[in-house]
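Some notes on the structure that comes next.
Read-outs: derived from the displayed coordinates by stated rules, not from any lab. None of these values were measured; they are calculated from a predicted model. Every residue, glycine as well, gets a Cβ built from its backbone with ideal geometry; the counts of neighbours run over all protein chains shown.
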Amino acid sequence: MSGKFNGRVAFITGGSRGIGKGVALRLAEEGAKVAVIDINEEALNEVQTEFTEKGYEIYTKKADVVNAEEVEAVVQEVVSTYGAIDILVNNAGIIRDNMLFKMTDSDWQQVMDVHLKGSFNAARAVQKYMVDQKYGRIINISSTSALGNRGQANYATAKAGLQGFTKTLAIELGKFGITSNSVAPGFIETEMTKATAERVGVDFSEFVKFNVSKIPVARSGKPEDIANAVAFFADEKSSFVNGQVIYVAGGPKA
Ligand code: NAP
């Protein structure tokens, strides 16, 4: 397999399904070796089998992004297996939606932990290898919810926080040949949006239809749409694009 990510190693958190899997697939298709961590063991096994059958080099490990020690250990293992980590995609995410007056401490904390602490843990763990090799691409998955979204005080805060994190890493790490950028998806059909439909008690196809009615390109997003933007930031040739947030939402968002 040859492509623009030939010889590159990509580390994708929460990459066993949905957007993360789409990203892993795109990078693997273009030649990258991919390391996927996730807490969903069943989905991890499936992705391992699927990628291996396709002839892609894949490493999978059950690890929780919130646990710094686990993340450090797995990053180290990937570097000893593949020799480097060139691309980090902070994608692992959860939602615990509720209106502010009903939101629990745990709803708030879990969302902060997975998105913010998780991205911090993974970025801190990989940066030392990226700095040593004077090359790296860090891509954080934000959301249009960063602009504010009803019922998502926790998630919107975390996703806006990730944009500040992205820009700060861009400033700190740029001189080491490392760029940091963010992709902010709009409505993407995944298990996450299926869970939202279920929570609000709407059939998923109706939920998709409702969301599509507000999207200028008149269709819903797919994991491939996000993977395409990630692949742009991950490209060696994108070395002058740093600290940016691209909204991939079928229309203007910011
Ligand atoms: P998804 O289908 O739920 O996939 C997320 C994956 O992350 C799941 O496999 C999940 O495991 C895993 N995960 C959750 N907590 C984790 C942890 N602590 N450590 C490691 N892995 C963990 O969601 P998605 O829709 O693909 O979303 C991917 C990213 O895009 C998220 O950051 C999300 O916030 C963002 N996003 C999504 C949309 C959208 O419309 N779908 C829009 C904007 C932004 P479990 O299956 O066990 O939960």
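Key figures
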item	result
Estimated dipole of the chain in Debye, rounded to 20 [Cβ of Lys and Arg +1, of Asp and Glu -1, Cα centre]	900 debye
Computed [θ] at 222 nm, deg cm²/dmol, the chain (DSSP H ≥ 4; -39,500 (n - 2.57); rounded to nearest 500)	-14500 deg cm²/dmol
Total lysine pairs under 29 Å (Cα atoms) in the stretch 139-218, excluding pairs fewer than 8 apart on one chain	8
Exposure proxy ranking, count of Cβ atoms within 10 Å, fewest first, for PHE240, PHE187	PHE240, PHE187
Residue order, fewest to most beta carbons within 10 Å, for ARG150, ARG96	ARG150, ARG96
Most mobile listed residue (ALA170, ALA218, ALA146) in the chain, GNM with C-alpha springs under 10 Å	ALA218
Point-charge dipole on Cβ atoms (K/R +1, D/E -1) for the stretch 1-137, about Cα centre, debye to 20	520 debye
Estimated inter-spin distance, ASN40 and ARG219, nm [label 7 Å along Cα→Cβ]	2.3 nm
Estimated dipole of the stretch 78-218 in Debye, rounded to 20 [Cβ of Lys and Arg +1, of Asp and Glu -1, Cα centre]	400 debye
Vicinal HN-Hα couplings computed from phi for the stretch 70-79 (Karplus, 6.51 cos²θ - 1.76 cosθ + 1.60; Hz; Gly/Pro x)	4, 5, 4, 5, 6, 4, 4, 5, 5, 5
Prolate/oblate/rounded call for the stretch 66-207, Cα gyration tensor, a/c under 1.5 rounded	prolate
Residues ILE95, ILE141 arranged by fewest to most Cβ contacts within 10 Å	ILE95, ILE141
Three-way shape call for the stretch 1-126 based on the alpha-carbon gyration tensor, with the a/c threshold at 1.5	prolate
